[in-house]
Every structure is written in C-alpha cells, then in structure tokens.
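Novice: Quick one: the structure is below, questions incoming.
Bear in mind that the values in this text are calculations on the coordinates, not laboratory data. All values reported here derive from a predicted model rather than from experimental measurement. In this analysis, Cβ positions are derived from the backbone assuming ideal geometry, glycine residues included, and neighbour counts consider all displayed protein chains.
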Amino acid sequence: MLSINMLGEVNITYKGEKIVDSLSNKTVAMICLLVLNRDKNVSKEKIASYFWPDSNEEAARYNVRYNLWTIGKLIPKDAAGETLITTGKDCCGINNRYRFTCDRVMLDTYHSKGKRSINDLLRLKELYKGDFLEGMYLKNCNEFNEMILFERVICQNKQVELLDELAREYEENQRYEESLKTLQEMLAIEPYNEAFAIRVMGLYGQLGNRAAAIHFYKKFELSLRNNLGICPDQQLQEQYRFMMEDSISSTASKGKPGSKGKKLPYVMLRPMCIQQVAFFCLADMLRQMEEQEGYQDIPMVDSNTRMD
C-alpha cells in the first residue's frame, strides 16, 4: 500500500520501500497538492502557476505532463488496476478508488465536537511528527509556499484542539499527571495562552503541589512581561493569590520551629507602587505589615529598623 506522510519531513513509501528520494521536490509537492484537493480535480493551468510561474505556457504544460508521467511510473497501479492520479485534457486529481494512507487525510477525520476515546486521541496525536511539509521550500513558488504556511496553521490549530480534548479526558478520569503533561504540550505551542496557564495551576492544586503552581505562575508572568510587555489577567492573578494564601496558611499552621506548636500569623499584602517615588512600594508593604495584628510577634527585624 502507498503511504504519504506530510506531517514532519515528507515521506512517501510504496509497499514499505521509500520512493520519495526518487522524486524531485516539485513532484513531491504536486502529489501533496493533489492529495489536499482529493475531493476535486485541479486544473493543469493552476498546477503550472503553482510550480512554474516564470515559465512560458508551453514549457509549463510540458513540466506538468512530465511530472504526472513520473508519478505514474514510480507509483504503480494497485491490484484493481487503478492509478493514483487520474488525468484529463485540462485537469487531474487523486483517484479515490486507489488505496493509500496519508496522515494529513487521517487528521481531517478529527472534529473537536465528536466524542473520542483516549486511545483514539492518542493515535491521532502520534500523527504529529513535526510541521506540515517541514523543511520544504520551493524557490520562486510563492503561492505554493504561502499555501504551506496556511496549512501549517490549520494543522497546528487541530493539534491544539486534539490535545485540549485529550487533557480534558485525562482530567475527567482523574489522571491529573497526564492531563498536566498534555497541557504543557499545549503551552509549548501557544506559550502565552492564559486559559491554559489557569488550568495548569488548577491541576497542580489537584495534585497538592502548590509550590509548583506558584513557581509556574512566576515563570509564566515573567515570560508575559519580558516578551509581550503585559501582566497576567485578573483571573490568573486571583488563582495565584489563592495558591499563595493557601500555601502560607499551610506553612503557618505547622507552627514556628521551637515554638511548641504556636501558629505564626500570616498576612496578604497588596502594596501600591509609584515609580517616581523611590522605595514607595517597599514602604507601603511595610506599613501594611505594621498594621497587621500579631505582626510584631515575628522576630524579623527590630522595631526601629522597621520604622526607618
């Protein structure tokens, strides 16, 4: 059976033998173009405009005919005598009676609204070996190169939808570690997606690892500030504050070392900041700490230093 893989480095095999190395880049690209348009015929004129835009009409038509002949020569007829490509006078297309497999075609069977099992989702996930037609670039074929970029966006969006469904399935089955790992894969694709970040922190909470949630937030916040010049949205900040309050409460409930179980007081501070006034934020933070009942019982610094 013929196998065509477009996700990652393109590969074409027939009965297990690799034939892609016997084809030129434009021949491989032509096969991929026709497979993407497998439900309709493509005009030879359109193919010529994709791959030989600078050639005169006669030379372009010859190049199309030659590459179609090459495909027919290297990809034999199947047991029923069907060819991969059907050709007419002015157009050609994929013969849907010809048996072949293609990762990009399989990906088109995924619809985010449909319900699939975890195993089905994992099988689809395994199709992703890299970007669509990774590494392929045809000189002076701008329209085709733009089509590659467009398809990469489509495939990436489908990948995120697939991983999103997989993460939710894991979470519903209380497989929190696997759900967390899947969400981290989603963040690798969309590193500034705050909705994903909120879910990551929630899963850390489910796992009882609030320290990891706090560390994740600080790293995510730094990335937003340094790369986009923005701060996290209010919902994400609230999630962080919740984690901090719970973490501080948990630490305080353990008691001060050597205090025979005495609980340390804890406070939640929301200091103001005025950039033009040196140390304003620090001063406001200390003021709020001073106002907290029981704060003076914490032997951090002496009272004169605090007042200064």
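Novice: Which Cα, out of TRP69, LEU122, ALA29, lies furthest along the positive dipole direction of the chain (beta carbon charges, K/R +1, D/E -1)?
Specialist: TRP69
Novice: Let me ask another. Amide H to amide H, which residues 5 or more places from ASP131 or on other chains are under 5 Å from it, using H placed in the peptide plane?
Specialist: Residues meeting the criterion, in which the H sits 1.01 Å from N, are GLY8.
Novice: Would you kindly derive the ³J(HN,Hα) couplings of segment 129-140 from the backbone phi angles with the Karplus curve 6.51 cos²θ - 1.76 cosθ + 1.60 (θ = phi - 60°), listing them in order in whole Hz, with x for Gly and Pro?
Specialist: 9, x, 5, 4, 6, 4, x, 7, 8, 9, 4, 6
Novice: Could you check which residue among LEU138, LEU203, LEU269 shows the biggest mean-square fluctuation in a GNM of the chain with a 10 Å Cα cutoff?
Specialist: The residue with the greatest mean-square fluctuation here is LEU269.
Novice: Please list, in chain and number order, the residues 5+ apart from LEU2 or on another chain whose amide H is under 5 Å from its amide H, with Hs placed from the backbone.
Specialist: LYS15, THR101
Novice: A further question on this structure: In segment 1-77, what trypsin sites (Lys or Arg not before Pro) fall in a loop by DSSP, with at most 10 other Cβ atoms inside 10 Å?
Specialist: Counting only loop positions with at most 10 other Cβ atoms within 10 Å, the trypsin sites (Lys or Arg not before Pro) in segment 1-77 are LYS15, LYS40.
Novice: Still on this model: Scanning the chain for helices, which whole DSSP H stretches are 15 Å or more long along the axis (Cα) and average -1.0 or more by Kyte-Doolittle?
Specialist: 25-36, 57-74, 142-172, 176-189, 194-206, 210-228, 234-253, 280-291
Novice: May I pose another question? Starting from the Kirkwood radius over alpha-carbon pairs of the chain, derive D by Stokes-Einstein at 37 °C in a medium of 0.692 mPa s and give it in µm² s⁻¹.
Specialist: D = 133 µm²/s.
Novice: If you don't mind, another one. Report the GluC sites (Glu not before Pro) located in segment 115-150 that are in a DSSP loop and have at most 11 other Cβ atoms inside 10 Å of their Cβ, or state none.
Specialist: GLU126
Novice: Taking only Cα atoms of segment 1-148, what ratio of Rg to Rh do you get with Rh as the Kirkwood inverse-distance radius?
Specialist: My calculation of the ratio gives 0.98.
Novice: Over the chain, with a Gaussian network built from C-alpha contacts below 10 Å, which listed residue (ALA278, ALA211, ALA60) shows the highest mean-square fluctuation?
Specialist: Fluctuation is largest for ALA278.
Novice: Same structure, new question: Past 27 Å, Cα to Cα, is the threshold; run LYS15/LYS181; LYS77/LYS129; LYS15/LYS125; LYS44/LYS139; LYS115/LYS181 against it and keep the listed order.
Specialist: As for pairs spanning more than 27 Å Cα to Cα, those are LYS15/LYS181; LYS77/LYS129.
Novice: Between MET268 and ASP108, with labels modelled 7 Å along Cα→Cβ, what's the label distance in nm to one decimal, could you check?
Specialist: Modelled inter-label distance: 5.3 nm.
Novice: By residue number, which cysteines of the chain lack any other Cys whose Cβ falls under 4.7 Å from their Cβ?
Specialist: Flagged as lacking a Cys partner: CYS32, CYS91, CYS92, CYS102, CYS141, CYS155, CYS231.
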